[in-house]
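The block underneath contains the structure these notes are about, expressed in structure tokens.
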């Protein structure tokens with residue numbers, strides 16, 4: 001091996017990052033060592049602070065070091081809309097569309113084979129959040145996978161009869177795609193969910 | 001913004017890594033926070049240790065926290081061969097070919113327009129290393145770019161008349177490629193450097 005122990009250790013540690021293999025880790029380690037040591041130290045401090053300091057928002061369960069995350073703490077958001085997602089990354093994705101309601105973040109989706117039942121993914125907390133809030137609509141924005149659909153259906157059942165409007169994000173053809181490249185299931189959803197033009 | 005300050009800081013810091021943009025940094029940060037906090041802390045420790053502890057090998061100038069890097073400290077290597085490269089990553093690349101001589105690591109290549117002359121890239125140290133060693137061959141393995149070629153020629157001039165065999169790595173068609181995809185300059189080199197078959 002041609003790297004000294006500290007460099008080897010840094011390369012191995014960089015490989016915990018998603019999508020980083022041996023070659024990328026080498027390039028990252030050597031580039032930081034040669035060109036940006038203060039950046040490397042800054043990254044080390046940010047990592048330590050975040051790993052030790054970040055917990056979960058009491059209200060929406062997303063990652064946050066404060067008791068209330070910036071979204072829950074913002075008084076200007078729409079308290080009648082609750083968007084339920086599978087994780088913190090999805091909060092960011094939905095947020096970027098211009099959505100300005102509230103969020104609730106599950107810990108993934110129901111997956112009985114992996115032992116992940118309603119308690120494991122935080123559905124009791126979701127029900128408590130809905131009881132405590134003044135929502136008129138619950139948007140179920142779990143992922144468009146089999147497990148995400150099942151999770152959405154389960155939540156819809158649990159919240160039925162409370163006078164809430166329960167909606168699911170639309171399935172259909174993505175913008176900018178070509179019909180011949182879209183899978184059959186998606187296209188069937190797009191046809192079934194067709195809407196009048198010029199609305 | 002939908003992330004709390006510590007998470008935002010972590011995302012910003014991850015972007016100093018080469019090839020990591022905003023989306024990748026978000027994914028890295030949230031994945032570490034959700035699934036691998038001990039890995040994140042381990043990475044922070046490795047970064048701090050490497051950024052603060054790694055210097056340069058006294059002999060070959062590669063990155064190393066010891067006075068002599070593992071390659072220079074290894075007594076079993078061939079002391080008659082010296083391979084000159086532009087940086088620590090190239091050491092690793094050449095090492096993987098099975099080369100078992102010694103190395104000297106420049107700080108990049110000559111680039112007069114950027115103010116990088118012979119002193120800036122460590123050529124005086126290279127000359128001193130050659131004087132102090134017992135080499136019979138110097139392999140100039142700078143990159144096959146205009147600047148790398150110029151650097152190789154400069155070094156060859158400086159070391160001329162010392163009774164050393166000075167060689168340059170071969171230019172030619174890469175293995176597994178197709179001739180029609182190879183650029184004209186490379187193909188011209190490959191033709192000019194043709195060798196008898198079955199040697």
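The values are calculated or read from the model by the stated rules, or taken from the named source; none is laboratory data. Here the structure is a predicted model, which means the values were calculated and not measured. Because the Cβ atoms are built from the backbone with ideal geometry, glycine has one as well, and the counts that use them run over all protein chains shown.
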Exercise. If you scan region B:99-119, which residues turn out to be within 21 Å of residue B:57 (Cβ to Cβ) and either touching a residue at least 12 places away in the same chain (Cβ under 8 Å) or outside the structural domain of residue B:89 (by TED's automatic domain parsing) (or both)?
Worked result: B:99, B:100, B:101, B:102, B:103, B:104, B:105, B:106, B:107, B:108, B:109, B:118
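Among the residues of region A:166-181, are any within 25 Å of residue A:79 (Cα to Cα) and touching a residue at least 60 places away in the same chain (Cβ under 8 Å)?
In the first step, residues of region A:166-181 are kept if they are within 25 Å of residue A:79 (Cα to Cα); the result is A:166-170.
Still in the list and also touching a residue at least 60 places away in the same chain (Cβ under 8 Å): none.
Scanning region A:166-181 turns up no residue that is within 25 Å of residue A:79 (Cα to Cα) and touching a residue at least 60 places away in the same chain (Cβ under 8 Å).
I'm trying to understand the selection: among the residues of region A:19-41, which are part of a helix (DSSP H, G or I) and either under 23 Å from the mean Cα position of the chain (by Cα) or closer than 15 Å to residue B:49 by Cβ (or both)? If you could, list the steps in order and put the result at the bottom.
Going through region A:19-41, the residues part of a helix (DSSP H, G or I) turn out to be A:22-35, A:37-41.
Result: A:29, A:32, A:33, A:37, A:40, A:41.
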For this session: Output the qualifying pairs, or none if there are none: Cβ atoms under 6 angstrom, residues six or more apart or on different chains, first residue in region B:39-52 and not assigned by TED's automatic domain parsing to the domain that holds residue B:64, second residue not in a helix (DSSP H, G or I).
Result: B:39/A:16
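Can residue B:44 be described as at the interface with chain A (Cβ under 7 Å from one of its Cβ atoms), modelled with pLDDT of 95 or more and closer than 30 Å to residue B:125 by Cβ? If you could, list the steps in order and put the result at the bottom.
Working: at the interface with chain A (Cβ under 7 Å from one of its Cβ atoms): yes; modelled with pLDDT of 95 or more: yes; closer than 30 Å to residue B:125 by Cβ: no.
So residue B:44 does not fit the description; no.
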Exercise. Looking at (1) closer than 20 Å to residue A:89 by Cα; (2) surrounded by 12 or more Cβ atoms within 10 Å (Cβ to Cβ), which is the one condition that is false for residue A:145?
Worked result: (2)
For this session: Select from region A:48-78 the residues that are assigned to a helix (DSSP H, G or I), within 20 Å of the chain's Cα centre (by Cα) and facing another protein chain (nearest Cβ under 7 Å) and write down the one among them that is surrounded by the most Cβ atoms within 10 Å (Cβ to Cβ).
Result: A:50
Problem set entry | Counted residues, region B:1-18 - those being within 7 Å of chain A (Cβ to nearest Cβ), outside any helix (DSSP H, G or I) and either within 29 Å of the chain's Cα centre (by Cα) or surrounded by fewer than 16 Cβ atoms within 10 Å (Cβ to Cβ) (or both) | 4
For this session: Give the residue, chosen from A:163, A:172, that is over 23 Å from residue B:32 (Cα atoms), out of contact with any helix residue (DSSP H, G or I) (no Cβ under 9 Å at 6 or more places or on another chain) and in a loop (DSSP other than H, G, I, E, B).
Result: A:163
Problem set entry | Enumeration of residues in region B:88-98 that are in contact with a strand residue (DSSP E or B) (Cβ under 7 Å, 6 or more places away or on another chain) and either surrounded by fewer than 21 Cβ atoms within 10 Å (Cβ to Cβ) or free of Cβ contacts under 8 Å to residues at least 12 places away in the same chain (or both) | B:94
